[in-house]
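Here's the structure we're looking at; comments come further down.
The values are calculated or read from the model by the stated rules, or taken from the named source; none is laboratory data. For clarity, every value in this text was computed on a predicted model and none was experimentally measured. So basically every Cβ, Gly included, is an ideal-geometry build from the backbone, and we count neighbours across all protein chains shown. Quick note on the areas: whole protein, heavy atoms, side chains included, nothing else; ligands and nucleic acids left out. Shrake-Rupley method; radii C 1.70, N 1.55, O 1.52, S 1.80 Å.
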Amino acid sequence: MQLPWRSAPRAALSSPLTVLVAVVAALLLTFVGAAAALHSDAAGNAAVGYQAGRLCPQSIAPVVDHRRLSAGEAATVIDTAAAHAPRHGFPTTTPAIYSAVRQWTWDNGLHPWSRFGWREGAMDNLEVVKGGGREGLWVPRSVAEDAGLDLGSRPDLPGFPPVTAIYEDLADPVSDYWCSERQETVVNPLAPEGAAGAVVFFPDRPALLAAFGLEAGPMTVSVRFPLDRLPTTIDEGADIADRGAALLTALKADLPDPNMVATGNYFAKPVEVARDTGRTVLGAVLPLTVVSLLVGLAGVAAVAIQWCQRRRAELRLLWSRGAGPAALAGRAVLELALPLLLGAVLGWLAARLALPWYAPAPDLSPGTALWSVLIAAGVLAAALATVAAVTAAHSHRTLQSAGGPRRLRGLRHLPWEVVTGVAAYLAWARLESTPTRLAFGQPLPESPDAVGLAFPLLVVLTVALVTVRLTRWGCAPRTGCGGGGCPPRSSPCAASPPPPGPPSGSCWSARSPSAPSPSGWGSRPRRTRRSTPSPGCSSGRSRPRRSPAASPPNRACHRSWPRPRPWWGW
């Protein structure tokens, strides 16, 4: 014989409404669980992206600076940094050397305030006004106008090349290439005389060192490590900060004097702030998520009860044939597993695809999507466990211990809506007392209270409980046993009058092995017994034999009724 629960997945299609409700419940459950993990990670990544957007792109990686070095020491710092950078994941370096600001004399006798310098790739990032040859000096327009310089002019110093181009002065806002060198290359119009000067660029570093000599100084050195792309996640930012710290440590250890350079790893602090942001957001949404999941599991329990009511006759038949609560729960799980799985998949897809709409950033750290899948799987397992537990308990209470224990039946009369209403009021009062102003100097608001965030869910739960209470009162029957009243308690056989038929001689009935099971109850054959009738039956007369189509007899008189099975098995 084919077991009925082998075809349970196909049997689910016979109740489209139950399938639809199960899919929606699993979708909402999985969306809430997966979205909480994705949102908290995206919040931390959004903080990383925000800080990376505020900083200069060339200052996200470690920086090396110093203002009082000789030309030879500056070259040593640049060579050492270029040697260590690739070992720590920074394949490109952008070094620069600047002389002091002074009145340099030109061949026409004029001496405007200016400074000489060189930076890798500078001539590719300047706007040429006149000329453009890369074998000589590039003079800013302001210096050329003040000193009357033109192409071919030369400083009144030995070894200096002639002017081959005039470029437009750098001014705010500068491009990403110049943002880290703004203090050295952009002239502050409010600075006192001699404190700032435009840069006259050499074509390369050997030309600058040949013109000044290795002992010339003081020189300002600058080394930057440009990135191919800016970090968008906490893991990427932490990786850059860690590699930068290791690079600076190795660089100082390899220099003749560690004090030759002033280093900075400016992105380490933003990464720490981003991690705190992710933890803060997770701590804020976690209680609300737990409450939402509990409410969702309550909805899944309602779906399980609805399934039990729709399968009531079938469950009675299986119960009479020896299936226990655990087996009936397994059938419910097999029948509702596919709808719940479909809802879980749709919920995870909705949480992942809708991330740009509900999260502050669409970027996720590696492994976060896998964690969200595991959370979705855990939520699905919890939903299936809820279905199994509710079905087993409902079957045990309905089929075995009718009416349930009195201590449990009394729970329905407790005013749960009053409890949730008071909790909602306390949550609202807590929410009102939570400060919402921005903390000074920080872009993030103060952490909200997680208890206050549960206010809307408590309100919804209170309204639902009140609705259920009023519906139960409105649908309650006017009399205890329908319109005809209740039978006297002294006669246990009064509720089931004897049907017409041949007398059997006692309250013990004979069951034919081939007789069909009434109302879906058991079909096991029973041997005919004769005994003294129960006190509630008619004494001195034989009870007629019950026909197969008759209603189930009263258990107080008919002891041949199948005994209750234990809740754990067959």
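Structure notes:
- Subset of the stretch 349-374 (residues that are open to solvent by 60 Å² or more (accessible area, probe 1.4 Å) and either without any contact (Cβ under 8 Å) to a residue 40 or more places away in the chain or hydrophobic (A, V, I, L, M, F, W, C) (or both)): Leu349, Leu353, Pro356, Trp357, Leu370, Trp371, Val373, Leu374
- Leu297 being over 16 Å from the mean Cα position of the chain (by Cα) and closer than 17 Å to Ala376 by Cβ: yes
- Members of the stretch 165-185 found to be of a type in the set (D, E, K, R) and either closer than 11 Å to Leu126 by Cβ or in contact with a Leu (Cβ under 6 Å, 6 or more places away or on another chain) (or both), listed by number: Glu168, Asp169
- When Leu29 is tested against (1) more than 34 Å from the chain's Cα centre (by Cα); (2) touching a residue at least 12 places away in the same chain (Cβ under 8 Å), exactly one condition is not met: (1).
- Qualifying residue in the stretch 54-75 (condition: within 23 Å of Asn188 (Cα to Cα) and free of Cβ contacts under 8 Å to residues at least 24 places away in the same chain): yes
- Scanning the stretch 59-77 for residues that are part of a helix (DSSP H, G or I) and either among the basic types (Lys, Arg) or buried (at least 21 other Cβ atoms within 10 Å of the Cβ) (or both) yields Ala71, Glu73, Ala74, Val77.
- From the list Val291, Val271, the lone residue that is β-branched (Val, Ile, Thr), crowded, with 16+ Cβ neighbours inside 10 Å and modelled with pLDDT under 85 is Val291.
- Residue match in the stretch 220-235 (condition: of a type in the set (S, T, N, Q) and without any contact (Cβ under 8 Å) to a residue 40 or more places away in the chain): no
- Pairs, first within 15 Å of Glu184 (Cα to Cα) and part of a loop (DSSP other than H, G, I, E, B) in the stretch 88-100, second open to solvent by 10 Å² or more (accessible area, probe 1.4 Å) and charged (D, E, K, R), C-beta under 6 Å, six or more apart: Ser99/Arg115
- Where strands (runs of 3 or more DSSP E) fall entirely within the stretch 116-226, those with at least 1 residues that are closer than 23 Å to Thr80 by Cβ and among the small types (Gly, Ala, Ser) are at 219-224.
- Subset of the stretch 315-352 (residues that are in a helix (DSSP H, G or I), small (Gly, Ala, Ser) and under 19 Å from Ser395 (Cα atoms)): Ser320, Ala326, Ala327, Ala329, Gly330, Ala332, Ala337
- Subset of the stretch 227-244 that is under 24 Å from the mean Cα position of the chain (by Cα) and not in a helix (DSSP H, G or I) - its residue that is surrounded by the fewest Cβ atoms within 10 Å (Cβ to Cβ): Leu230
- Residue in the stretch 136-152 that is among the acidic types (Asp, Glu) and within 19 Å of Val101 (Cα to Cα) present: yes
- Note on the stretch 96-109: residues that are under 58 Å from the mean Cα position of the chain (by Cα) and open to solvent by 10 Å² or more (accessible area, probe 1.4 Å) total 3.
- Cβ pairs under 7 Å, 6+ apart, first in the stretch 455-468 and within 20 Å of Arg430 (Cβ to Cβ), second open to solvent by 50 Å² or more (accessible area, probe 1.4 Å) and part of a helix (DSSP H, G or I): Phe455/Trp428; Phe455/Leu431; Leu457/Val295; Leu461/Val295
- Answer from Asp176, Asp228 - the residue that is out of contact with any Gly (no Cβ under 6 Å at 6 or more places or on another chain) and within 15 Å of Arg119 (Cβ to Cβ): Asp176
- Flag for Asp176 being in contact with a strand residue (DSSP E or B) (Cβ under 8 Å, 6 or more places away or on another chain) and among the acidic types (Asp, Glu): no
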